[in-house]
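> To start, I am sharing the structure in question, which I have written as structure tokens.
The values are calculated or read from the model by the stated rules, or taken from the named source; none is laboratory data. Here the structure is a predicted model, which means the values were calculated and not measured. Glycine gets a Cβ as well: all are built from the backbone with ideal geometry, and neighbour counts include every protein chain shown. Only protein heavy atoms, including side chains, enter the accessible area calculation; ligands, DNA and RNA are left aside. Shrake-Rupley method; radii C 1.70, N 1.55, O 1.52, S 1.80 Å.
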Amino acid sequence: MSTAQQVPDILSPEFAADPYPAYRVMRETSPLIWHEPTKSYIVSRYEDVERVFKDKAGEFTTDNYAWQLEPVHGKTILQLSGREHAVRRALVAPAFRGSDLEQKFLPVIERNSRELIDAFRHTGSADLVNDYATRFPVNVIADMLGLDKADHPRFHRWYTAVIAFLGNLSGDPEVTEAGERTRAEFAEYMLPIIRERRKNPGDDLLSVLCAAEVDGVRMSDEDVKAFCSLLLAAGGETTDKAIAGIFANLLAHPDQLAAVRADRSLIPRAFAETLRYTPPVHMIMRQSATEVTLSGGTVPPGATVTCLIGAANRDERRYADPDRFDIFREDLTTTKAFSAAADHLAFALGRHFCVGALLAKAEVEIGVDQLLDAMPDVRLADGFQPAEQGVFTRGPQSLPVRFTPVQG
């Protein structure tokens, strides 16, 4: 097994600037690394990350979320296992698939996307990150929950603090404090609304969560609050970076952008390939329950395992020419890309597969479709080169574009 000295360190400025060369070195020479600063074992090959996520043999747990997530969200569904997890997931999952998603939330998604685009469609220019991507998924979630969208700046500040806390690999005390403060502020905001919604339920997702019952089990106010906190952070940050990533990738590959513009049924392919090529979440941690042998060595029981999604999704053992963005690649199955049978790792896999994957797919399909309609000749602003930022989550911080407004 390697030590971190032999490969670029995940906390270094060089890694933050461009992690992909480091990922390649890890996969080739150091597929299992003990990383002293984060006290974790780092795995980078597809087969190992897939094994950790699928966890068919009960070798890995989400016990790490007790210190990684609970301080900012409270105890969430992600920390649960076995029957407790199955029941909680059965309580929340119906709202994110099938008829509920289609009938209740597609109109919400369409309306929120259109409102944001209306603010810039006649101007001929926009920053697709600041004017659209960072706002769209949070507005959708606030609307779905029946919260006041005027509170958007607060939601955005909260989820930014939460994501910073999760990605605080170097242990910056100010980031830790801001994350913990967010938990208190969010609880103060949400709990009175949850109590009111229990008394006077509406047609919104929050009322559905308050009323949901499986096998005589209902969610407590704290359960509902924690899930809403998780939803805002996970649903906001990831979809935000996915939409920005799709456009950054397509603008860098004009032939593929033209193909998607001409045939909108290719949007899911562009989304799936973006999730593989530039995933919004680059790392997810698990904890070993037993001694486990992976490529490059053995992990002892009770250890934190840092799974590098960004590395695994570019593993040359799994994908042909993995450093090439190609929406037509044959080794990525679009029909499975938004299910627990996905052959990329951006949504995790197994029982903790992202419950909001179909919501994200709906947001991306509608959002990209409407943006392409509004920007018929979209191009990057003169002289601008998109740059990804972030280590734990990663994506373009800005994406200024120009286009000829549609006369209508």
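> Please go through segment 109-139 and give me each residue that is more than 12 Å from Ile366 (Cβ to Cβ) and surrounded by fewer than 16 Cβ atoms within 10 Å (Cβ to Cβ), ordered by number.
Matches in segment 109-139: Glu115, Asp118, Ala119, His122, Thr123, Gly124, Ser125, Asn130.
> Any residue at all in segment 314-329 that is of a type in the set (Lys, Arg), in contact with a His (Cβ under 6 Å, 6 or more places away or on another chain), closer than 28 Å to Lys56 by Cα and crowded, with 18+ Cβ neighbours inside 10 Å?
no
> Next question, about the same structure. Counting only residues that are outside any helix (DSSP H, G or I) and crowded, with 16+ Cβ neighbours inside 10 Å, how many does segment 363-379 have?
Filtering segment 363-379 for residues outside any helix (DSSP H, G or I) gives 375-379.
Next, from what is left, pick out any that are crowded, with 16+ Cβ neighbours inside 10 Å: 375, 378.
Qualifying residue count, segment 363-379: 2.
> Something else: Answer yes if at least one residue in segment 389-400 is out of contact with any strand residue (DSSP E or B) (no Cβ under 7 Å at 6 or more places or on another chain) and either closer than 15 Å to Ala270 by Cβ or not β-branched (Val, Ile, Thr) (or both), and no otherwise. I'd like the intermediate steps shown before the answer.
Taking segment 389-400 first, the residues out of contact with any strand residue (DSSP E or B) (no Cβ under 7 Å at 6 or more places or on another chain) are 389-391.
Next, only the ones that are either closer than 15 Å to Ala270 by Cβ or not β-branched (Val, Ile, Thr) (or both) stay: 389-390.
Yes, because at least one residue in segment 389-400 is out of contact with any strand residue (DSSP E or B) (no Cβ under 7 Å at 6 or more places or on another chain) and either closer than 15 Å to Ala270 by Cβ or not β-branched (Val, Ile, Thr) (or both).
> Just a yes or no: is a residue in segment 121-144 in a helix (DSSP H, G or I), modelled with pLDDT of 85 or more and basic (Lys, Arg)?
Within segment 121-144, the subset in a helix (DSSP H, G or I) is 128-133, 136-144.
Remaining after also requiring modelled with pLDDT of 85 or more: 128-133, 136-144.
Those left that are additionally basic (Lys, Arg): none.
There is no residue in segment 121-144 that is in a helix (DSSP H, G or I), modelled with pLDDT of 85 or more and basic (Lys, Arg).
> Mind checking whether some residue in segment 50-72 is of a type in the set (Asp, Glu), modelled with pLDDT of 95 or more, within 22 Å of Asn313 (Cβ to Cβ) and open to solvent by 30 Å² or more (accessible area, probe 1.4 Å)? Give the steps one after another, and end with the answer.
If we filter segment 50-72 for residues that are of a type in the set (Asp, Glu), which is where we start, we get 50, 55, 59, 63, 70.
Remaining after also requiring modelled with pLDDT of 95 or more: none.
Taking every residue of segment 50-72 in turn, none turns out to be of a type in the set (Asp, Glu), modelled with pLDDT of 95 or more, within 22 Å of Asn313 (Cβ to Cβ) and open to solvent by 30 Å² or more (accessible area, probe 1.4 Å).
> Also, quick follow-up: Mind telling me which of the residues Thr306, Thr334, Thr290, Thr278 ends up being touching a residue at least 40 places away in the same chain (Cβ under 8 Å) and touching a Gly at 6+ places or on another chain (Cβ under 7 Å)? Lay out the reasoning, then the answer.
Working: Thr306 fails: touching a Gly at 6+ places or on another chain (Cβ under 7 Å); Thr334 fails: touching a Gly at 6+ places or on another chain (Cβ under 7 Å); Thr290 fails: touching a Gly at 6+ places or on another chain (Cβ under 7 Å).
From the options Thr306, Thr334, Thr290, Thr278, the qualifying one is Thr278.
> Consider His253 against the criteria (1) out of contact with any helix residue (DSSP H, G or I) (no Cβ under 8 Å at 6 or more places or on another chain); (2) within 24 Å of His73 (Cβ to Cβ): it satisfies all of them except one. Which criterion is unmet?
Unmet for His253, out of (1) out of contact with any helix residue (DSSP H, G or I) (no Cβ under 8 Å at 6 or more places or on another chain); (2) within 24 Å of His73 (Cβ to Cβ): (2).
> How many residues are among the small types (Gly, Ala, Ser) and surrounded by 17 or more Cβ atoms within 10 Å (Cβ to Cβ) if we restrict to segment 183-210?
2
> Give segment 211-227 a look and list any residue that's crowded, with 20+ Cβ neighbours inside 10 Å and without any contact (Cβ under 8 Å) to a residue 24 or more places away in the chain, or say none.
Listed by number, the list is empty, since nothing qualifies.
> Where the second residue is open to solvent by 70 Å² or more (accessible area, probe 1.4 Å) and the first is in a helix (DSSP H, G or I) and lies in segment 249-264, which pairs have Cβ atoms under 9 Å and are six or more apart or on separate chains?
Going by the 9 Å Cβ cut-off, the qualifying pairs are Leu251/Arg379; Pro254/Arg379; Gln256/Phe328; Ala259/Phe328; Val260/Arg269.
> Does Ala341 qualify as being of a type in the set (Gly, Ala, Ser), on the phi < 0 side of the Ramachandran plot and open to solvent by 50 Å² or more (accessible area, probe 1.4 Å)? Please lay out each step first, then the result.
On the way: of a type in the set (Gly, Ala, Ser): yes; on the phi < 0 side of the Ramachandran plot: yes; open to solvent by 50 Å² or more (accessible area, probe 1.4 Å): yes.
Yes.
> Any idea which of (1) among the hydrophobic types (A, V, I, L, M, F, W, C); (2) touching a Ser or Thr at 6+ places or on another chain (Cβ under 6 Å); (3) surrounded by fewer than 22 Cβ atoms within 10 Å (Cβ to Cβ) is the one Leu106 doesn't satisfy?
Of (1) among the hydrophobic types (A, V, I, L, M, F, W, C); (2) touching a Ser or Thr at 6+ places or on another chain (Cβ under 6 Å); (3) surrounded by fewer than 22 Cβ atoms within 10 Å (Cβ to Cβ), only one is false for Leu106: (2).
> Does segment 286-304 hold any residues that are surrounded by fewer than 19 Cβ atoms within 10 Å (Cβ to Cβ) and part of a strand (DSSP E or B), and which are they?
Listed by number, the residues that qualify are Thr293, Gly297, Thr298.
> Here is a follow-up. Being more than 24 Å from Ala234 (Cα to Cα), of a type outside the set (Val, Ile, Thr) and within 21 Å of the chain's Cα centre (by Cα) narrows it down to one residue among Phe338, Phe325; which is it? Before you say what the answer is, go through the steps one by one.
On the way: Phe338 fails: more than 24 Å from Ala234 (Cα to Cα).
Among Phe338, Phe325, only Phe325 is more than 24 Å from Ala234 (Cα to Cα), of a type outside the set (Val, Ile, Thr) and within 21 Å of the chain's Cα centre (by Cα).
> Could we say that Arg183 is basic (Lys, Arg), outside any loop (DSSP other than H, G, I, E, B) and out of contact with any helix residue (DSSP H, G or I) (no Cβ under 6 Å at 6 or more places or on another chain) here? Break it down into steps so the answer makes sense when it comes.
Working: basic (Lys, Arg): yes; outside any loop (DSSP other than H, G, I, E, B): yes; out of contact with any helix residue (DSSP H, G or I) (no Cβ under 6 Å at 6 or more places or on another chain): no.
Against the criterion (basic (Lys, Arg), outside any loop (DSSP other than H, G, I, E, B) and out of contact with any helix residue (DSSP H, G or I) (no Cβ under 6 Å at 6 or more places or on another chain)), Arg183 does not qualify.
> Quick one: how many residues across segment 140-182 are surrounded by 15 or more Cβ atoms within 10 Å (Cβ to Cβ) and within 30 Å of Pro13 (Cβ to Cβ)?
18
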